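Down below is the structure, laid out as C-alpha cells.
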C-alpha cells in the first residue's frame, strides 16, 4: 500500500510541467519558468545580476523610453552629472523599456504593444534593444 502511494506521488510530480506564462513580466520569476520560456540568459543578464567578487562597483540600471522628453532630460542632466562624480564606483546599464501596454492576440498567438509616445517610440525601443 505504501509503495503504491509512493509510486503514485512520483508519477504525479514527474508529470508536472512548467508552462511559459503569457505575460512577459513573469518570465524571470524563477529559473524553471525562464527555462520554459527560453529566456534564461536574458534573465541572468538583466534581472538576476549577481555580485561579481572581483568588481566592487554598484550596478545601476536605468529603464527609459526612447522618445520620452522627461527621460532624455533626466539622462542628459541628472544621470550625466552624477555619473561624472561617481564614475569609479558605479556600473550603469541603460535598458530601453518604455511605458507600454501589451495585448495578447489569441488569434495570432502574438503580443501587440502600444507605447506611451506612439509607434515611433516602440520602434526606437526595439532599435535600442538590438543595439545595446
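Against the criterion of being under 15 Å from the mean Cα position of the chain (by Cα), surrounded by fewer than 13 Cβ atoms within 10 Å (Cβ to Cβ), touching a residue at least 40 places away in the same chain (Cβ under 8 Å) and under 30 Å from residue 20 (Cβ atoms), residue 65 does not qualify.
Could you check, for the stretch 90-103, whether at least one of its residues is more than 20 Å from the chain's Cα centre (by Cα), loosely packed, with under 10 Cβ neighbours inside 10 Å and either assigned by TED's automatic domain parsing to the domain that holds residue 58 or part of a loop (DSSP other than H, G, I, E, B) (or both)? No, the stretch 90-103 contains no residue that is more than 20 Å from the chain's Cα centre (by Cα), loosely packed, with under 10 Cβ neighbours inside 10 Å and either assigned by TED's automatic domain parsing to the domain that holds residue 58 or part of a loop (DSSP other than H, G, I, E, B) (or both). Scanning the stretch 68-89 for residues that are exposed (fewer than 14 other Cβ atoms within 10 Å of the Cβ) and either assigned to a loop (DSSP other than H, G, I, E, B) or within 17 Å of the chain's Cα centre (by Cα) (or both) turns up 87, 88, 89. When every residue of the stretch 15-37 is checked against the conditions, at least one turns out to be outside the structural domain of residue 117 (by TED's automatic domain parsing), more than 23 Å from the chain's Cα centre (by Cα) and either at pLDDT below 90 or part of a helix (DSSP H, G or I) (or both). Considering the conditions (1) surrounded by 13 or more Cβ atoms within 10 Å (Cβ to Cβ); (2) under 16 Å from the mean Cα position of the chain (by Cα); (3) under 27 Å from residue 20 (Cα atoms), residue 116 is excluded by exactly one of them, (2).
The values are calculated or read from the model by the stated rules, or taken from the named source; none is laboratory data. What you see is a predicted model, and the numbers here were worked out from it, not measured in a lab. Heads up, the Cβs are rebuilt from the backbone with ideal geometry, glycines too, and the neighbour counts pull from every protein chain shown.
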